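Read through the structure below, which is laid out as structure tokens, and then see the notes.
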Amino acid sequence: MTDTILEVKNLVKHFRQRKRLLAPRADTEIIPAVDDISFYLRAGETLGLVGESGCGKTTAGKTILKLLPATAGQILFNGEDITHLERRQFRPYRRHMQMIFQDLDAALNPKMRIRDVLQEAVKVHSPQLSSAAVKVRVGELLDLVNLKQNKLVQFPAELSGGEKRRVGIARTLAVEPKLIIADEPTSALDVSIQAQVINLMRALQNRLGLSYLFISHDLQLVELISHKVAVMYLGQIVEMGVTQQIARAPRHPYTRILWSSLVNKRTLETTAPVVAGNWGVYDFERPAAGCRFASRCPIFVAKGKPSACTDPATAPQLKGVAEGHQVRCHFPLKA
Amino acid sequence: MLFRQFQVEISESNQLSWWRTAGRKNKIYVIYGLAVVLAVLVSYGLGALHWLPHDPDDMNFDSLMAGPFTGGYLLGTDFMGRDLLTRLILGTQAYFLPGLMAIAIALVLGAVLGVSAGYRGGRVDTVVVYCNNLIDSFPRLILVLLVIAAFKPDIYYIMAVVGVTAAPLVASLVKGKVLFLRQKNFIESAIALGIPARVIIIKHILWYNCRALLLIQATLGMAEAILIETSLSYLGFGVQEPIPSWGNMVQAGANYLLQGNFWPSTAPALAILFTVLGFHLLGDGLNDILERQQ
């Protein structure tokens, strides 16, 4: 169970945007939504991908699933390079890798009953199933996500948020995936439902051996569910390691600020030394040269604004600081 | 036990929920419209089976232009003593099948063009918009007359023109819908699930999300087809005597209006009025009921 199911190598996703309305086609600027991220995910493992809104978490997830074309880099699924597969060639892989969308309604065509949604999902990759077998499978799926049978005849608009999320999860499970990219599966749900969804996801992981790429900005949940955590800042991974290392002994100033911003501050030692600087409006689309975090970094200020941080030639790279722990910073914090 | 019963009720109420939540006005519209559709269907069936109260060509010179309820004629007779009711019933033959054909052409062509314009965009989109503008700026009746002049005054030729000219409107409506739906996440999630593009287009976009729109366009298209057919028959380009159509009945009766015999012309005119009104109200009511669910 330790084989690598997903490996992402130097993945880049750039969007182009015209500088002005009616600007000529060539006159575009590049928005680096995802800039050179690499990680791997083992079977049965959960990798938490955290970062503030707009840092490229969702774009990374969608690019891995080829819902958006990658600009550069490589995506390996079970060791096979799927980066450049055509849509048609890629379709068989889709049953192995699924996505839980952030939007509760995403999985659900508003005009379709839940039964039709689930039956369709079951039949997509196994069209040979008889209608009786499909019904049985739909029943199993409902049991898996703890939904009552009477929900089948309802329309999405008649379900609550938690129920919609469960249907969404049931739908992704219908194709028996090995990897699920969960894009903020708990957003827009209240806290008790969040806990139910997380418990459900963990139970399913134990039962079906799923791997999750868990995208979220809810750090407590990430801590709860993830084996490893990657912290993203403006399209780059700034720190990656085992959850306990990241949560308890962060080495990158951004990670520390993120974790110390948890409402329920745990101990003084994690929160005291670093106080968030001026978090003004930041232009996500045009990251600074060199270290992208420099303009907000308390260490950068404390060190007297060293040129190593702002010089594009010496931009910090991900470096190993401990076993399985990487940081993108010239001046990592003490462990 | 009470709980169980409650559950069953929920699931059953779903079946016709759109009707239950519809407003009173729209219900009346739809019921009236469906009654008109039924009447047209029955008339068409009766005509096709020749189950008619009188022979449509049987002339009774003893009662020319009789009023309603006289001498065994429920709606009276026309200027040649032929039974008006029989000829009205038979008149639906003139537009029923051709009208359906026009609708089929408009919907199929419109859906294909609309989906390709909305899904692919670019050049197809430009062409559809251009065609729509072109047809909008050209009187349809003139176009129909041109086709008649070029080929022959056949109702199917006329209806083909009606269908083709109605297609750009349907296309632009479908295009708008597709553009709206394409931004919805459920399309993206359908792709993520591995559903082929053609299934997404036909099933998710057209069937589940455009069927109401297409049904409404079909009812409005039928009204349009009837109006075009009657206008042409009135002008003498449509169905030719002695075959009855509502348009040529109005036209034939109109010659006697000044003599005070308004009925032979008014009866088919009222039939046109109530039928077209019925199709329009049906489309209107369905539009309010089905599209509001968005």
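Karplus-based coupling profile of region A:219-236, in residue order and whole Hz: 5, 5, 5, 4, 4, 5, 9, 8, 8, 10, 10, 10, 9, 9, 9, 6, x, 10, with θ = phi - 60° in 6.51 cos²θ - 1.76 cosθ + 1.60 and x standing for Gly or Pro. Over all other residues within a Cβ to Cβ distance under 12 Å of B:L179, the charged ones net out to +4, with Lys and Arg as +1 and Asp and Glu as -1. Oblate is the label for region B:215-285, because a/c, from the alpha-carbon gyration tensor with a ≥ b ≥ c as root eigenvalues, is 1.5 or above and a/b does not exceed b/c. Of the cross-linked pairs A:K57/A:K228; A:K57/B:K177; A:K9/A:K123, those separated by over 22 Å at the C-alpha level are A:K57/B:K177; A:K9/A:K123. Taking every DSSP helix (H) stretch of at least 4 residues in chain A, weighting each as -39,500 (n - 2.57) and dividing the sum by the residue count yields a mean residue ellipticity at 222 nm of -9000 deg cm²/dmol.
From helices alone, chain B scores -23500 deg cm²/dmol at 222 nm; the rule is -39500 (n - 2.57) for each run of n ≥ 4 DSSP H residues, then divide by the residue total. Between B:L277 and B:L215, the modelled label-to-label distance comes to 2.4 nm, taking each label 7 Å out from Cα in the direction of the beta carbon. Counts of other chain beta carbons within 10 angstrom of each beta carbon in peptide A:150-162 average 2.
Computed extension length for A:S126-A:V301: 57.2 nm, one decimal, from 0.36 nm per residue of separation with the Cα-Cα distance subtracted. Neighbouring Cβ atoms from other chains, within 10 Å of the Cβ of residues in A:101-111, number 6 on average.
In straight-distance terms, cross-link reach from B:K27 covers every one of the aspartates and glutamates whose alpha-carbon lies under 14 Å from its own, apart from those fewer than eight places away in the same chain; here that gives B:D284, B:D288. Summing +1 for each Lys or Arg and -1 for each Asp or Glu among the other residues whose beta-carbon sits under 13 angstrom from that of A:L6 gives 0.
Among the residues of B:193-202, the average count of other protein chain beta-carbon atoms within 10 Å of the residue beta-carbon is 5. Remark on the protein assembly as shown: ratio of C-alpha radius of gyration to 2.2 N^0.38 Å is 1.33.
At full extension, A:A157 and A:S53 could sit 34.7 nm farther apart than now, given 0.36 nm per residue minus the alpha carbon distance. Its Cα gyration tensor gives chain A an equivalent ellipsoid; the semi-axes, largest first and in whole Å, are 37, 23, 19. In the context of the full protein assembly, A:K62 retains an accessible surface of approximately 40 Å², using a probe radius of 1.4 Å and ignoring ligands and nucleic acids.
Take the accessible area of chain B alone and of chain A alone, subtract that of the pair, and you get about 2500 Å² summed over both chains, using a 1.4 Å probe. Can you spot the aspartates and glutamates whose alpha carbon is less than 13 Å from A:K151's alpha carbon? Ignore those fewer than 8 places along the same chain. Cα-Cα hits under 13 Å: A:D116, A:D143, A:E163, B:E9, B:E12. Database remark: amide H of B:V239 closer than 5 angstrom to the amide H of B:S233 (H placed geometrically; neighbours at sequence offset of 5 or more, or on other chains; Pro and chain starts carry no H).
Panel note: contact residues of region A:53-77 (accessible area lowered by at least 10 Å² against the chain on its own; 1.4 Å probe) correspond to A:K62, A:L67. Taking a ≥ b ≥ c as the square roots of the eigenvalues of the Cα gyration tensor, an a/c ratio of 1.5 or more together with a/b larger than b/c marks region B:160-294 as prolate. Per residue, the convex hull around the alpha carbon atoms of region B:2-293 comes to 187 Å³. Across the options B:F79, B:V239, B:L100, the greatest Cα extent toward the positive end of the charge dipole of chain B (unit charges at beta carbon of Lys, Arg, Asp, Glu) belongs to B:L100. Each other residue within a Cβ distance under 11 Å of A:L152 adds +1 if Lys or Arg and -1 if Asp or Glu, for a net charge of +4. Please report the carbon-and-sulfur percent of the accessible area for region B:2-293; probe 1.4 Å, protein heavy atoms only, DNA, RNA and ligands left out. Of the solvent-accessible surface of region B:2-293, carbon and sulfur hold 68 percent. Of the solvent-accessible surface of chain A, computed with a 1.4 Å probe and all protein chains present, 52% belongs to carbon and sulfur. Near A:G48, the amide H atoms lying under 5 Å from its own belong to A:F214, A:H227, A:K228, A:V229, A:A230; only residues 5 or more places off or on other chains count, and H is placed 1.01 Å from N.
Does region B:59-144 come out rounded, prolate or oblate, given a ≥ b ≥ c as the square roots of the eigenvalues of its C-alpha gyration tensor, rounded meaning a/c under 1.5 and, failing that, prolate meaning a/b above b/c? It comes out prolate by the Cα gyration axes.
With the highest mean first, a sort of the peptides B:68-77, B:147-156 on other beta-carbon atoms found within 10 angstrom per residue produces B:68-77, B:147-156. At a probe radius of 1.4 angstrom, the accessible area of region A:1-148 per residue rounds to 47 square angstrom.
First measure r as the distance between the Cβ atoms of A:L22 and B:N185, then evaluate 1/(1 + (r/R0)^6) with R0 = 35 Å and state the FRET efficiency to the nearest 0.05. Working from the Cβ atoms, E equals 0.75.
The values are calculated or read from the model by the stated rules, or taken from the named source; none is laboratory data. From a predicted model like this one, the values you see are computed outputs, not experimental measurements. As a convention, Cβ positions derive from the backbone with ideal geometry for all residues, glycine included, and neighbour counts pool all protein chains shown. Just the protein is used for accessible areas: all its heavy atoms, side chains included, with ligands, DNA and RNA removed. Shrake-Rupley method; radii C 1.70, N 1.55, O 1.52, S 1.80 Å.
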